[in-house]
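The values are calculated or read from the model by the stated rules, or taken from the named source; none is laboratory data. Quick caveat, the model's predicted, so the values are computed rather than measured. Cβ coordinates were reconstructed from backbone atoms using ideal geometry, including for glycine residues, and neighbour counts include every protein chain displayed.
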Amino acid sequence: MKQFETRFKQVDVLPIVKHYMDQLDLFSLFKKYVPAAPDSLADHAESLCILTANIICDNKPLYKVKEWLSKYSDGIVDEPVAADLFNDDRLARALSALFNAERHSLMTEVSSNAISVHRLLTNEIHNDSTTVTFMGDYKNPDPDAVKLKHGHNKDFRPDCKQVVFGLNITSDGHVPLSYKLFDGNTNDDVTHIPNWNGLRTLLEKEDFVYIADCKLCSTKNLTYIAKNGGLFITIVPKDRKEVKTFLKHIQSNDIKFKDAYKVERSGKKGRTNIFKTYEGDRTKKGFRIIWVHSSSKQKDDSLRRQKKIDKAIEALESLSPKLNAYHLKTKKEIKVAVNNICKGVKGLLEVKIFTERKQIKVKVSPGRPSLSSTYKNKWEFKHSLQWKPNKQAILKTSKTDGIFPLITNTALVACEVLREYKSQPFLEKRMYTKKTVLQVAPVFLKKEKRIEAILFLYFAALMIVSLIERKIRMDMAKAHIEKLPILPQGMNAKKPTWNNIRYFFRNVHYSEIIQDGVCIQSMVKGLSALHKQINRLLDVPSSVYKNLQSSWWQFKYT
């Protein structure tokens, strides 16, 4: 009697990921820079590729990677390669080998491949940094690795140690090109000169526009970039003399801003943000300062100020019944409390302390009160508060609402300087992707060397995810496709993210029918016309899914 058996294995988005990894020639580069011993059962290159794919597809701790891999591998190939081969010890050794490799040269080659294969424009580079947070003491730091230290934690966990992760992305598709790790207590302002030098070496040119947040705006940083032929755009911090002088000037003078452009506000249909610009005086070093007025920021500033005033009034109302008791008996004590409340709305609230005085008799003789008791007169003070908004001061302050300054040494017109700077939030979205979709933390590793190595893989994973998102959005625009119904319950996505694509492909799987130990039929199931359309938009050949061969999941030379 014939015996039939059906086998199912997961496929989902792994072929797409593998296709994009092959485009970057990742396996060959890992093989080149991280060679394994001749007698090794598996190459470090394959282990590192599997780890990278795992981060992108379904991030698991090292000890669960073999369990994840078994969903794709075991039993499909003619001579099965057991997923158990890639256990946590083997993967950890691969990470140690990656740490000891020339990672900077490896990153340069990966980025060069991305630029050439995907024709990335590199005339505009955005930089920012975030923190990667770690749980645990890490009491014995490795002298050769980046130092896990306490610092300004951007995950709001000051109790945890961290490293600073600096990232550079292109304006074209917001694709990461390079990254650098710094000790956890490093300030952002000292990272820009070495970072700019690294980009100059990678891109083999100096005339790209380097865009970063206000930590770039130091005389040392800007002068260095300008002297070496570089271009920059950044925002000027509020505490600078030039900013204070201009804002004071605009409170009592009318400035004519030129219309720049308008954009629809994200997530707020029908509402537009109107930008205007005004070019002010140059700095002593000859750099241009461009003042920008944003209509949405104007509304936000006004609302934020009103909230502060309302909060201060609420606090004053709460303070009033507590006067004349405990630590609020004297006018001096009350004034200190009022100043603390009005710290954020200084000059915007007029607060007066009123004092009533009346004379009372106080018994000074001992014993119970009697006709012979002695009394003396004493003044009793009773304090009260009155407040009202200072309308004139509020009106004066409101003239600076919505205004922020940019500094640059480019020859671009003011509105183009603003356009280039406004791509900076996309870098923050890449940081968000790294922390949420790719789940960079918590890091289940003990040794700093391996932590530093796996963060390289997170960089590679983020690059691949960004390339996928860039490709599908570009091709949707070329094909005049406004949206794709790939969200839960068939809802539409105008700008598909990697998370959307990963979710949509979750049910794609590989099926085999086995008769007496021999495969008589194999096919990929769950691949609809919409899945095929997405593959076309991603420029993934139909054969990647249609003709899955034995050991399709394994990484080899391309």
- Task: Inspect region 346-355 for any residue being farther than 21 Å from His327 by Cα, in contact (Cβ under 8 Å) with a residue 24 or more places away in the chain and not in a strand (DSSP E or B) and give the result as yes or no.
- Result: yes
- Candidate set: region 57-96, residues that are under 30 Å from Ile513 (Cα atoms) and among the small types (Gly, Ala, Ser); chosen: the one modelled with the lowest pLDDT: Gly75
- Message: Quick test for you: out of Glu380, Glu428, pick the one residue that is of a type in the set (Asp, Glu), surrounded by fewer than 16 Cβ atoms within 10 Å (Cβ to Cβ) and out of contact with any strand residue (DSSP E or B) (no Cβ under 6 Å at 6 or more places or on another chain).
- Response: Glu428
- Task: Exactly one condition in (1) in contact with a strand residue (DSSP E or B) (Cβ under 9 Å, 6 or more places away or on another chain); (2) of a type outside the set (A, V, I, L, M); (3) touching a residue at least 40 places away in the same chain (Cβ under 8 Å) is not met by Lys180; state its number.
- Result: (3)
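Can you confirm whether region 394-408 contains a residue that is loosely packed, with under 11 Cβ neighbours inside 10 Å and of a type outside the set (S, T, N, Q)? Even if it seems obvious, please write down each step before you answer.
Of all residues in region 394-408, those loosely packed, with under 11 Cβ neighbours inside 10 Å come to 395.
Applying the additional criterion that residues be of a type outside the set (S, T, N, Q) yields 395.
Yes: one or more hits.
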- Task: For region 528-538, indicate whether the set of residues that are charged (D, E, K, R), surrounded by fewer than 16 Cβ atoms within 10 Å (Cβ to Cβ) and not in a helix (DSSP H, G or I) is non-empty.
- Result: no
- Note on the structure: Arg200 fails exactly one of (1) surrounded by fewer than 16 Cβ atoms within 10 Å (Cβ to Cβ); (2) farther than 20 Å from Leu418 by Cα; (3) basic (Lys, Arg), namely (1)
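Hey, does region 364-386 have a residue that's among the polar types (S, T, N, Q) and either touching an Asp or Glu at 6+ places or on another chain (Cβ under 6 Å) or assigned to a helix (DSSP H, G or I) (or both)?
Restricting attention to region 364-386, the residues satisfying the condition of being among the polar types (S, T, N, Q) are 365, 370, 372-374, 377, 384, 386.
Filter once more, so that each one left must be either touching an Asp or Glu at 6+ places or on another chain (Cβ under 6 Å) or assigned to a helix (DSSP H, G or I) (or both): none.
Among the residues of region 364-386, not one is among the polar types (S, T, N, Q) and either touching an Asp or Glu at 6+ places or on another chain (Cβ under 6 Å) or assigned to a helix (DSSP H, G or I) (or both), which makes the answer no.
Say whether the condition of being at pLDDT below 80 and part of a helix (DSSP H, G or I) is met by at least one residue in region 448-464. Break it down stepwise before answering.
Start the filter on region 448-464 by keeping residues that are at pLDDT below 80, which leaves none.
There is no residue in region 448-464 that is at pLDDT below 80 and part of a helix (DSSP H, G or I).
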- Go through region 478-517 and count every residue that is more than 17 Å from Lys9 (Cα to Cα) and in a strand (DSSP E or B). 3
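Within region 14-65, track down each residue that is basic (Lys, Arg) and farther than 25 Å from His118 by Cβ.
Applying the first criterion (basic (Lys, Arg)) to region 14-65 yields 18, 31-32, 60, 64.
Result: Lys60, Lys64.
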